[in-house]
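Asker: One structure coming up, written as structure tokens, with questions to follow.
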Amino acid sequence: MNRAFTALLFLFVLNKLSAFNADSLVRYYKVKADRFLAASPEVHDQFSVLNNGVAVYATASDKTNNLPEFFVSWEELESFKAAVKLRPHHRFIPYMIMKRELKLKGRTLSWPLESRDNATQFHAPYLPLHGIRIAIDPGHIAHDTIKGRLEQKFISMKMPQGKDSVRLAFAEGQLTWLTAAILAEHLKSQGAEVMLTRAAMNKTAFGRTYEEWKTFDGGVSLDSLIAAFPDNKNYSDLKNGKLKEERSYFRYVFKDVEIRRRAEEIGVFNPDFTVVIHYNVDEQNAPWTKPTTRNFCMLFVPGAFQVGELNDQESRLDFLRLLLTDEIENSVSGAAYLALSFKEGLKVPLANEKDAAYLGTSCLYSGSSGVYCRNLSMTRLIHGPVLYGETLYQDNLTEVRLLSEKPILDTVSGIMAPQRIIQVAKAYENGIRNWIYSGSFRNQN
Ligand SMILES: [Zn+2]
């Protein structure tokens, strides 16, 4: 055996031994909770890292009275990590509760380990991304500025042109879909297996346009929301017609159910990791009717729960999953490669904590430049590593012009798009490839 190998073997054994050392686990998860997960002091009222495992509590007084809602002992840690990865909330929560009830009676229940459909397809073995499954989520739904106005995600500005002026307008949903569609084809051409949460630019995650969804599913969705949240006035006002603006329907009913649908679809696909694609705006430039000179890129990964964000059982299970699995660590690892690729490929600087107010108030710095833990629906609901990219500010003086340029053909995907969007897709592609080639991607479990 050569010396390097012996040293590696020694480190490996040391690592495995320490996994059974409760003291080191307590230290590790305490530090991790502070660093990545507890963005407000109140979050500490709802969990404990104990000598025998981790407990999560429904309320602060439950913690005082030592009544955990979920508990995972150190002995169960590895099997919990494997089981939680495979199961959606609605199937896992009843299981956790049954486990707790049986434990009170002195009985134990082992973790269910049945995997989701994981059928592999044929891959040409020489392709560099062979065997890698990637989910891509193009943010928002608008395919034109009319829908962009409905979801409040659009740019429309009068820009000087010679002695005249021109109106430049686009919706974020158009930018994200084109980027995702181009990226998907580039990754597939290298052997990756890719799924998109939206199949076409005008389709929602339900496989239907917004209007089709409203006609076929809207009523049922509203009724189930009313049944689940009978005290919510927005829902009842939508039902009885007091609230009849299309924007309210979109905001209170569609947005949340559609985001959940995206996460469910991704869960069924069971990817190695998920890329969520958005384009940012300068928050100081609201209402975005004129361009800004500021421009930054950033990435979000899971974590950073704030006060009030552990109010429901589902969120508390997500907190426990994110604390005990390596999903945050793996997300930071991948996001760091994307951040570097955005910065170099797009010539957009990485955002520091002071560059946007929400980075200080709603996020925790991951320790990796431009990467922040943030508790968004899409970082919390998706299982596995999540790389949520905000490549540039759409309302930036230069970007707004570049993003409105005449489309050109991207030969790999066969898709027509402004050159800037093709550059963004390639920046994602390079970052993903660098991460996979780095070896840190393969070390995750
Ligand atoms: Zn967005």
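Asker: Just to be sure I follow: if Rg is taken over the C-alpha atoms of region 158-313 and Rh is the Kirkwood radius over the same atoms, what is Rg/Rh?
Answerer: 1.01
Asker: Another one. With the Cα gyration tensor of region 240-398 giving a ≥ b ≥ c as the square roots of its eigenvalues, does the rule (a/c under 1.5 for rounded; else a/b larger than b/c for prolate; else oblate) give rounded, prolate or oblate?
Answerer: oblate
Asker: Next up: Counting every Cα pair in region 151-206, what percent are over 14 Å apart? Write down the numbers at each step before the final one.
Answerer: Details: 1010 of 1540 pairs.
Cα-Cα pairs in region 151-206 separated by more than 14 Å: 66 percent.
Asker: Right, next: Rounded to the nearest 5, what % of DSSP beta bridges with both residues in the chain are antiparallel?
Answerer: Here the share of antiparallel DSSP bridges comes out near 55 percent.
Asker: Now for a separate question. Order by neighbour count: Asp45, Asp312, fewest other Cβ atoms within 10 Å first, most last.
Answerer: In order of increasing Cβ crowding within 10 Å: Asp312, Asp45.
Asker: Looking at region 218-323, which trypsin sites (Lys or Arg not before Pro) are in a loop (DSSP not H, G, I, E or B) and have at most 13 other Cβ atoms within 10 Å?
Answerer: Hits after loop and neighbour filter: Lys242, Lys244.
Asker: Can you give the calculated 222 nm mean residue ellipticity of the chain, where each DSSP H run of n ≥ 4 adds -39,500 (n - 2.57) and the sum is split over every residue, rounded to the nearest 500 deg cm²/dmol?
Answerer: Theoretical 222 nm ellipticity from helices: -12500 deg cm²/dmol.
Asker: Here is a further query. Please list the equivalent ellipsoid semi-axes of the chain, computed as the square roots of five times the alpha-carbon gyration tensor eigenvalues, in descending order and whole angstrom.
Answerer: They are 37, 29, 21 Å, listed from largest to smallest.
Asker: Only Cα pairs within less than 10 Å get springs; with that Gaussian network setup on the chain, which residue of Tyr279, Tyr388, Tyr358 has the largest fluctuation?
Answerer: Per the Cα network of the chain with a 10 Å cutoff, Tyr358 tops the list.
Here, each number is a calculation from the coordinates, and none is a lab measurement. Predicted, not measured: the structure shown is a model, and the values here were computed from it. Virtual Cβ from ideal backbone geometry, glycine too; neighbours counted across all protein chains shown.
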